[in-house]
Every structure is written in structure tokens, then in C-alpha cells.
Amino acid sequence: MASGTVTSSEYISHHLTNLTFGNHPVNGWSLAHSAQEAAEMGFWAINVDTMGWSIALGVLFTWLFRKVAKNVTAGVPGSTQNFIETIIEFVDDNVKGIFHHKNELIAPLSLTIFVWIFLMNTMDLVPVDWIPFIAGEMGVHFMKVVPTTDVNATAGMALSVFALIIFYSIKQKGLGGFLAELSFQPLGKLMLPFNLFLELVGLLAKPVSLALRLFGNMYAGEMIFILIALLPFWVQWVLSVPWAIFHILVITLQAFIFMVLTIVYLAMAYDHH
């Protein structure tokens with residue numbers, strides 16, 4: 001809950017501002033002390049909290065799955081191994097059902113996307129005041145703990161997938177085949193400008209849809225938690241618990257959608273018209 005000396009707008013603004021490091025025109029290389037300072041640092045500023053939490057959760061994912069893989073048993077599996085195997089089988093079934101080509105990268109990529117995004121989304125269930133309060137006690141001005149509520153993070157993942165789409169499109173069809181697909185489909189050679197416009201819009205919409213869908217849903221969920229935190233204490237529990245339970249579905253669904261769309265887009269990169 002915000003203290004009595006902080007207005008609601010200041011409380012919301014604080015919780016939605018990233019811890020940003022960059023080259024400020026006046027202060028030089030430093031951490032931003034306000035959203036305005038962060039904006040003044042320009043494009044090359046880094047959101048330290050987004051990078052830190054996303055890397056930490058990626059390390060947690062890698063460590064956990066590696067530990068289970070090293071200790072795997074052919075006998076009766078433990079609860080952790082059973083849970084990890086269920087996730088792997090779930091992802092593998094989706095890849096086999098959508099991607100009908102041979103590529104050893106797609107399944108590990110899909111697993112990484114699903115689990116990593118799920119872990120980042122799950123940070124939204126941590127009470128909104130806990131970690132920012134601890135960070136404040138340590139002298140850190142801002143601390144956003146949900147990397148997927150930062151459009152820079154979701155756009156970075158989406159652009160990585162987009163790079164793979166372009167790479168495999170050219171690798172499978174050749175540069176000429178890829179350009180011909182963009183220029184001559186769906187209305188034939190005589191409609192080349194119109195075809196090119198339609199195909200480029202559709203192609204560029206893929207990373208935009210991946211990035212903004214995940215960001216929009218998680219940002220809205222975080223905003224609702226922040227608004228609930230502004231209410232009286234007894235109302236917070238009445239509203240936050242049901243919303244958290246519902247948000248578990250959102251967290252899982254958004255990770256699943258990002259994974260499935262990645263598989264679909266890469267399958268389309270392999271397909272020939």
C-alpha cells in the first residue's frame with residue numbers, strides 16, 4: 001500500500017518505471033532517478049531490472065532442467081522429473097503437430113520460449129510492493145520484476161524469432177524464391193506492387209503481434225495489481241486473490257501463445273506456396 005505522503009499517481013508511476021542505466025546529457029553515465037531522466041538517456045539506455053530478472057530466470061530454467069537431465073532415472077521418476085517430463089512432452093506434441101519438417105532447433109527453441117516466458121510472467125504474482133520496497137531500502141529507486149511488462153524485452157524476443165523466420169525462409173527457398181514469394185503471391189506477377197505490399201505487411205506484422213500481444217496482456221495484469229494495492233487493506237485481499245488465480249491462466253496462456261505462434265511462423269518459413 002502506498003504511504004500517506006505519496007499520491008496515487010506517483011505510486012502508479014513509480015511502480016511502472018524501470019531502473020534505467022544510460023548516458024544522460026547532464027549526469028553522464030548513471031542510473032535514472034525519474035522517468036524523465038530515463039527518457040532523456042535515449043535509445044541506448046538499458047533497463048537494468050528487465051535485463052537482471054530475465055537473465056536470472058533464464059539461469060534458473062537452465063539450471064533446473066540440466067539438474068533433472070543429469071539425474072534422470074529410468075525407474076519411477078520423482079515429482080520434479082515427472083513435472084519436467086510433462087512439460088517436455090507437452091511442447092514436443094505441439095511441435096510435432098504443427099511443424100512437419102526436420103529441424104533440430106525448433107523443439108528446444110519452443111521449450112525455451114515457453115518455460116522462460118512462463119517464469120517471467122509468473123513474477124507478476126509476487127505482491128507489487130515487496131521487491132520494490134526491499135530495493136528502496138537498499139537505495140535502488142525503481143525495480144520492476146516482470147520482464148514481460150517491458151516492451152523492450154518482448155520486442156527483443158519477437159525480433160529474434162523474426163530473424164529466424166527470415167533466415168529459414170531464405171535457406172529453404174533461396175533468396176530468389178523468397179523474394180518471388182513476396183512479389184508474386186497471391187495475385188500473380190501482374191499485381192506485383194499490390195502483392196509486395198500485402199506480403200510485407202503480413203511479414204512485418206508477425207514480430208509486432210508477438211511483441212505487443214505478450215506485452216499488452218502482462219502490462220494490463222500488472223496495472224490491475226497496482227490499482228488493487230491502492231485500495232484499503234481488507235479490499236485488497238478480497239480482489240487480489242481471485243485476480244491472482246485468474247491471472248495464472250493468463251500467465252500460462254500468453255507463454256503458450258508465444259510458443260505456438262513461433263512454431264507456426266517457422267513452419268510457414270519452410271512451406272512453399
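Overview of values
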quantity: Residue match in the range 57-73 (condition: modelled with pLDDT of 90 or more, within 21 Å of PHE256 (Cα to Cα) and not hydrophobic (A, V, I, L, M, F, W, C)); calculated: yes
quantity: Search result, residues across the range 157-171 that are closer than 15 Å to LEU182 by Cβ and β-branched (Val, Ile, Thr); calculated: ILE165, ILE166, ILE170
quantity: Qualifying residue in the range 249-267 (condition: of a type in the set (A, V, I, L, M), part of a helix (DSSP H, G or I) and surrounded by fewer than 12 Cβ atoms within 10 Å (Cβ to Cβ)); calculated: yes
quantity: Search result, residues across the range 136-158 that are without any contact (Cβ under 8 Å) to a residue 24 or more places away in the chain and either part of a helix (DSSP H, G or I) or under 21 Å from ILE12 (Cβ atoms) (or both); calculated: GLY136, GLU137, GLY156
quantity: Subset of the range 85-114 [acidic (Asp, Glu), free of Cβ contacts under 8 Å to residues at least 12 places away in the same chain and either surrounded by 10 or more Cβ atoms within 10 Å (Cβ to Cβ) or under 21 Å from THR252 (Cβ atoms) (or both)]; calculated: GLU85, GLU89, ASP93
quantity: Matching residues, the range 239-273, being within 17 Å of PHE215 (Cβ to Cβ) and not polar (S, T, N, Q); calculated: HIS247, VAL250, ILE251, LEU253, ALA255, PHE256, ILE257, PHE258, MET259, LEU261
quantity: Selection count, the range 177-227, where residues are outside any helix (DSSP H, G or I) and of a type in the set (D, E, K, R); calculated: 0
quantity: Count of the range 73-112 residues which are under 19 Å from SER160 (Cα atoms) and assigned to a helix (DSSP H, G or I); calculated: 8
quantity: Test: residue in the range 162-171 that is among the hydrophobic types (A, V, I, L, M, F, W, C) and over 30 Å from LEU105 (Cα atoms); calculated: no
quantity: Tabulated pairs, the range 209-223, first farther than 25 Å from VAL241 by Cβ, second at pLDDT 95 or above and not β-branched (Val, Ile, Thr), C-beta under 7 angstrom, 6+ apart or interchain; calculated: LEU210/ALA158; LEU210/PHE258; LEU210/LEU261; ALA211/ALA155; ALA211/ALA158
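Residue by residue, here is whether (1) closer than 24 Å to HIS15 by Cβ; (2) basic (Lys, Arg); (3) in contact (Cβ under 8 Å) with a residue 24 or more places away in the chain holds:
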{"residue": "TRP44", "(1), (2), (3)": "no, no, no"}
{"residue": "ASN47", "(1), (2), (3)": "yes, no, yes"}
{"residue": "PHE61", "(1), (2), (3)": "no, no, yes"}
{"residue": "ALA69", "(1), (2), (3)": "no, no, no"}
{"residue": "SER79", "(1), (2), (3)": "no, no, no"}
{"residue": "PHE83", "(1), (2), (3)": "no, no, no"}
{"residue": "MET123", "(1), (2), (3)": "yes, no, yes"}
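The values are calculated or read from the model by the stated rules, or taken from the named source; none is laboratory data. This one's a predicted model, so the numbers in the text were calculated from it and none came from an experiment. In this analysis, Cβ positions are derived from the backbone assuming ideal geometry, glycine residues included, and neighbour counts consider all displayed protein chains.
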